[in-house]
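The values are calculated or read from the model by the stated rules, or taken from the named source; none is laboratory data. Nothing here was measured: the structure is a model prediction, and the numbers come from that model. Neighbour counts are summed over all protein chains in view; Cβ atoms, including those assigned to glycine, are modelled from backbone coordinates with ideal geometry.
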Amino acid sequence: MLHDPRKDIETKASLVAWLAQQDPNGRYVYTRCGSCMLVQYFVAHGIDAFVDASHYRIGAGLGEEWHPLPSGWNEIAREHPWTFGGALARALA
């Protein structure tokens with residue numbers, strides 16, 4: 001069976017590690033595609049992604065496959081405050 005590197009970034013540990021590296025006072029806009037926290041996370045991992053409340057799509061093509069967001073990730077990004085420190089606190093809770 002081939003290893004799917006996409007799965008490595010779908011772990012809560014990976015998200016927490018990335019959030020811990022961000023400026024805790026740095027802000028993101030949950031409702032803006034280009035600056036939402038999860039898009040920034042995927043881009044930082046070399047994945048050009050589009051994210052909605054429950055799925056992400058790799059690449060911009062209409063035929064690209066959608067993947068479910070890991071459980072709880074949308075809630076981590078959606079709740080206020082929209083800061084990386086706030087998101088980290090929610091991810092650790």
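Among the residues that make up region 36-46, is at least one of them buried (at least 17 other Cβ atoms within 10 Å of the Cβ), free of Cβ contacts under 8 Å to residues at least 24 places away in the same chain, out of contact with any Ser or Thr (no Cβ under 9 Å at 6 or more places or on another chain) and assigned to a strand (DSSP E or B)? Checked against the condition, which is being buried (at least 17 other Cβ atoms within 10 Å of the Cβ), free of Cβ contacts under 8 Å to residues at least 24 places away in the same chain, out of contact with any Ser or Thr (no Cβ under 9 Å at 6 or more places or on another chain) and assigned to a strand (DSSP E or B), region 36-46 yields no hits at all.
Once region 47-90 is narrowed to residues that are farther than 14 Å from Val16 by Cβ and among the small types (Gly, Ala, Ser), the residue that is surrounded by the most Cβ atoms within 10 Å (Cβ to Cβ) is Ala49.
Of the residues making up region 19-35, those that are farther than 11 Å from Gly86 by Cα and part of a helix (DSSP H, G or I) are Gln21, Cys33, Gly34, Ser35.
Exactly one residue among Glu75, Glu64 is at pLDDT below 95, among the acidic types (Asp, Glu) and either closer than 23 Å to Arg27 by Cα or assigned to a loop (DSSP other than H, G, I, E, B) (or both), and that residue is Glu64.
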